[in-house]
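Visitor: The structure that follows is given in the form of structure tokens.
The values are calculated or read from the model by the stated rules, or taken from the named source; none is laboratory data. These numbers come from a predicted model, not from an experiment. All Cβ positions, even for glycine, are placed from backbone atoms using ideal geometry, and neighbour counts span all protein chains on display.
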Amino acid sequence: MTSPASKPGYRLESDAFGTVEIPADRYWGGQTQRALEVFAIGDERLPSCLIHATGLQKLAAVRANLRLGQIAPELADPIAQAAAEMREGRFDAHFPLPVWQTGSGTQTNMNANEVIANRANELLGHGLGTRSPVHPNDHVNRSQSSNDSFPTVMQIATAIELRDRLLPALETLRDTLAGKAAAFADVVKIGRTHLMDAVPMTVGQAFDAFARQIEAGTARFLGTRPRLLSLPQGGTAIGTGLNAPPGFDAMFCDEAARLADLPFRPAPSKFEGMGAHDVLVEVSGHLNVLAVSLLKIANDLRWLGSGPRCGLGELVILDDGLSSSIMPGKRNPTIAEAVAQTAFQVIGSHAVVTAAGASGAFELNVAKPVLIYNLLQAIRLMSDATRVLATRFIAGIEVDHARLAANVQSALLLATALNPVLGYDRVAEITRIAMREGVTPRQAAVSYGFISEADYDVLVDAAAMASPALAPGTTR
């Protein structure tokens, strides 16, 4: 309630723990205000997508309570409207708490309860801070606990972010890479192992390998869905469902599924879903793999495009309009470097998620906020990096046909195709001669009488060597 004793621009609000002063225009209440003072650590905030998922969770909960006769319609309706507004992002600025709070996420859940209760009371014609007729705990939090609600929100937010953000970005990258694989299918280049020249392949084969890395990454994320969509809501304090009516878990999942268009279902063991977050660690692990894949792809592309005059120079990188502060006209693989840095961050985030996931003690994991903060950040980084890499870097890549042809013509290990005819030792001698005398392997083989020009040209065909089943002399 508002009191004349409050300072201008503030209101005084009282609850079971006493009276606290709150900015008059803020929808949070006493618990949130006290938590702001207690948890004065850093400035990292939980991402807005988690707040929106909390709005969805509170909306599904009040609908379930209404269907089960646990709350009167005249209270359920304004709560539902307030929760829907939270889901839409109206109250993002009213969640001021840092990530660094109680490990159950209790303060953020209480923050949501207070914001929704205050907004619901406002809709009913009452001022902020009245706690009546809608009470944050008795009504907004009915049939719930922070201990089951916050992990439920964690899984809902993760599932939505994967579906709406990461998976479409991965599809874009895979299709872009596959397009380049098709476009460069007949462009022959020299492969490299140990950073050294190897035998011929095509540029298309290299891009196809990248595309298959991304395709495999997509499959990994899709594989987590059955476990990710199994929600612990209904377990309340420790997993037994105390103070929740029978069937609340199923009713909640039914409502949440309709709201999110995802097939949520009740977790068969609420204890597992609250005390452990193995599925979220699993998702983080797949993000770690994706970061490794992106790092491999980005580094290969920037090395292959190095130059343009004094590097490998096989790929032509699109000009992004950025340059050096001292070297006019210098072009750098800026996007590849940015993507690599996001990969470093996500690899580090996985270590945090792993430690947080291992912090379950008996019936409750007590590192939920830091776990979900790092996980959702990693999803966002991988989604954005993937899309930018595809649309602003890979889509514009071309090949330097002249450079590639010159590399292929002078490659020493073309002579490997002679192994079935001349044997390993003689071919090794040819490559040594070519290297020592600075000539092509064809010149070395012919001039030293190992093979005729005609036979060499039949057996050593770089394009055919890139598809061994077609190469002359192949014994497969």
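Visitor: Going residue by residue through the range 108-118, is there one that turns out to be in contact with a helix residue (DSSP H, G or I) (Cβ under 9 Å, 6 or more places away or on another chain) and more than 17 Å from residue 149 (Cβ to Cβ)?
Guide: At the first step, the residues of the range 108-118 found to be in contact with a helix residue (DSSP H, G or I) (Cβ under 9 Å, 6 or more places away or on another chain) are 108-118.
Still in the running and more than 17 Å from residue 149 (Cβ to Cβ): 118.
Yes - at least one qualifying residue is present in the range 108-118.
Visitor: So, one more: Consider residue 71 against the criteria (1) modelled with pLDDT under 95; (2) in the same structural domain as residue 136 (by TED's automatic domain parsing): it satisfies all of them except one. Which criterion is unmet?
Guide: With (1) modelled with pLDDT under 95; (2) in the same structural domain as residue 136 (by TED's automatic domain parsing) applied to residue 71, the lone miss is (1).
Visitor: Looking at (1) among the small types (Gly, Ala, Ser); (2) in contact with a strand residue (DSSP E or B) (Cβ under 6 Å, 6 or more places away or on another chain); (3) assigned by TED's automatic domain parsing to the domain that holds residue 356, which is the only condition residue 157 fails?
Guide: So residue 157 meets the others, but not (2).
Visitor: Conditions first: (1) out of contact with any Asp or Glu (no Cβ under 7 Å at 6 or more places or on another chain); (2) in a helix (DSSP H, G or I); (3) modelled with pLDDT of 95 or more. Residue 469 passes all but one, so which condition is the exception?
Guide: Checking residue 469 against (1) out of contact with any Asp or Glu (no Cβ under 7 Å at 6 or more places or on another chain); (2) in a helix (DSSP H, G or I); (3) modelled with pLDDT of 95 or more, the one that fails is (3).
Visitor: Which condition number does residue 32 fail, the rest of (1) closer than 24 Å to residue 257 by Cα; (2) assigned to a helix (DSSP H, G or I); (3) of a type in the set (S, T, N, Q) being met?
Guide: Residue 32 satisfies every listed condition except (1).
Visitor: Oh, and also: Within the range 247-271, count every residue that is free of Cβ contacts under 8 Å to residues at least 12 places away in the same chain and either of a type in the set (Lys, Arg) or outside any loop (DSSP other than H, G, I, E, B) (or both).
Guide: Total meeting the criteria: 2.
Visitor: Take the range 334-366 and flag every residue that is assigned to a loop (DSSP other than H, G, I, E, B) and either buried (at least 21 other Cβ atoms within 10 Å of the Cβ) or of a type in the set (Val, Ile, Thr) (or both). Give the steps one after another, and end with the answer.
Guide: Quick first cut of the range 334-366, residues assigned to a loop (DSSP other than H, G, I, E, B) only: 358-359, 362-363, 366.
Scanning the range 334-366 gives a single hit, 366.
Visitor: Does any residue in the range 374-402 that is closer than 11 Å to residue 339 by Cα and in contact (Cβ under 8 Å) with a residue 24 or more places away in the chain come within less than 6 Å, Cβ to Cβ, of a residue that is part of a helix (DSSP H, G or I) and basic (Lys, Arg) six or more places away or on a different chain, and which pairs are these?
Guide: 383/165
Visitor: Right, another one. Which members of the range 223-241 meet the condition of being in a helix (DSSP H, G or I) and either free of Cβ contacts under 8 Å to residues at least 12 places away in the same chain or not hydrophobic (A, V, I, L, M, F, W, C) (or both)? I'd like the intermediate steps shown before the answer.
Guide: Applying the first criterion (in a helix (DSSP H, G or I)) to the range 223-241 yields 223, 225-228.
Selection gives 223, 225, 226, 227.
Visitor: Could I ask something else about it? Is it true that residue 112 is in contact with a Leu (Cβ under 6 Å, 6 or more places away or on another chain) and either surrounded by fewer than 20 Cβ atoms within 10 Å (Cβ to Cβ) or of a type outside the set (Ser, Thr, Tyr) (or both)?
Guide: Values: in contact with a Leu (Cβ under 6 Å, 6 or more places away or on another chain): no; either surrounded by fewer than 20 Cβ atoms within 10 Å (Cβ to Cβ) or of a type outside the set (Ser, Thr, Tyr) (or both): yes.
No: the conditions fail for residue 112.
Visitor: Additional query: Show the residue pairs that are 6+ apart or on different chains and have beta-carbon atoms under 6 Å apart, the first residue being within the range 303-320 and assigned by TED's automatic domain parsing to the domain that holds residue 191, the second being of a type in the set (A, V, I, L, M, F, W, C) and in a loop (DSSP other than H, G, I, E, B).
Guide: These pairs meet every condition: 304/312; 305/317; 306/312; 315/397.
Visitor: Here is a list: 289, 346, 316, 283. Which entry is touching a Ser or Thr at 6+ places or on another chain (Cβ under 6 Å), at pLDDT 95 or above and of a type in the set (Val, Ile, Thr)?
Guide: Details: 289 fails: touching a Ser or Thr at 6+ places or on another chain (Cβ under 6 Å); 346 fails: touching a Ser or Thr at 6+ places or on another chain (Cβ under 6 Å); 316 fails: touching a Ser or Thr at 6+ places or on another chain (Cβ under 6 Å).
It is 283.
Visitor: Considering only residues that are of a type in the set (Val, Ile, Thr) and more than 15 Å from residue 85 (Cα to Cα), look in the range 103-125 and name the one that is farthest from the chain's Cα centre (by Cα). Write out each step before concluding.
Guide: Let us first name the residues in the range 103-125 that are of a type in the set (Val, Ile, Thr), namely 106, 108, 115-116.
Next, from what is left, pick out any that are more than 15 Å from residue 85 (Cα to Cα): 106, 108.
Details: 106: 25, 108: 23 Å.
So, considering only residues that are of a type in the set (Val, Ile, Thr) and more than 15 Å from residue 85 (Cα to Cα), the one farthest from the chain's Cα centre (by Cα) is 106.
Visitor: Given the criterion assigned by TED's automatic domain parsing to the domain that holds residue 273, surrounded by 19 or more Cβ atoms within 10 Å (Cβ to Cβ) and either in a helix (DSSP H, G or I) or among the polar types (S, T, N, Q) (or both), identify the matching residue among 244, 206.
Guide: Working: 244 fails: either in a helix (DSSP H, G or I) or among the polar types (S, T, N, Q) (or both).
Going through 244, 206 in turn, the sole match is 206.
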